[in-house]
Amino acid sequence: FMRQLNHVDCSRTAAVICYPGPAALVWRMLHACRSHRVPLILDIVEWFDPTHTPLGRFGPFALDSELRMRWLNERAGNLFCISSFLARYYAARSCRVLRVPTLIGRRADPAPPKSNYDAELRQLMLVYAGSPGRKELFSEIVGGVQAARKHGIDVVFRVVGVTESQLATALRANGRATTLDGVECYGRVPRERALEIVGS
């Protein structure tokens, strides 16, 4: 990719937007964009707790992540940030920041039957969609959902990307009961189906 970038005519390029990979890639992108006098904009969506990375706090993944987050991103100076925390952090370090929160596009669907629609309005629906890592606190989320249901709140937690057996295993590992009252698991589904569930 970097060899190809060196052969691109950048005379009409306003900026390069990069979702950061390893620190080495970000460093080379910085160098290439500076040599072509083109701004580099990094898309910053998460900052991992070092203890949640493979091989732990002092492993290569944690060190690579910390190098990007604490040093390289500031060198780029132009950032899209997903959260107000990241936006504040980098703005305080004189970076040019645009906060772009998580968005989802949804096609306008025909209005559902009124009886179903009224029921949905009274129900709080939470959705997780993705490939879980160590940072997902499913035991706390499920515990909260079940506590809310015991207090008469109609809440449902939909989990896309995880099966019931995988979620039950994760709950057992954290000392939680494996009852999944108020939880709907969909397992791995095509992207369009995942968007449909989140959009609902």
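For the set Cys81, Cys185, solvent exposure ranked by accessible area (probe 1.4 Å, protein chains only) runs largest to smallest as Cys185, Cys81. Close amide H pairs (under 5 Å, H built 1.01 Å from N) link Val183 with Phe157, residues at least 5 positions away or on another chain.
Quantify how much of the Cα-Cα distance distribution of the stretch 1-93 extends past 18 Å, in percent. Mind showing how you got there, number by number?
Values: 2033 of 4278 pairs.
Result: 48 percent of Cα pairs exceed 18 Å.
Ranked from largest to smallest solvent-accessible area, with a 1.4 Å probe on the protein heavy atoms, Arg191, Arg57 come out as Arg191, Arg57.
Residues in the stretch 157-162 carry Karplus couplings, in order, of 10, 9, 10, 9, x, 9 Hz; the curve used is 6.51 cos²θ - 1.76 cosθ + 1.60 with θ = phi - 60°, and Gly or Pro positions show x.
The values are calculated or read from the model by the stated rules, or taken from the named source; none is laboratory data. All of these numbers come straight from a predicted model, not from anything done at the bench. Accessible surface is based on the protein model in full, side chains and every heavy atom, while ligands, DNA and RNA are left aside. Shrake-Rupley method; radii C 1.70, N 1.55, O 1.52, S 1.80 Å.
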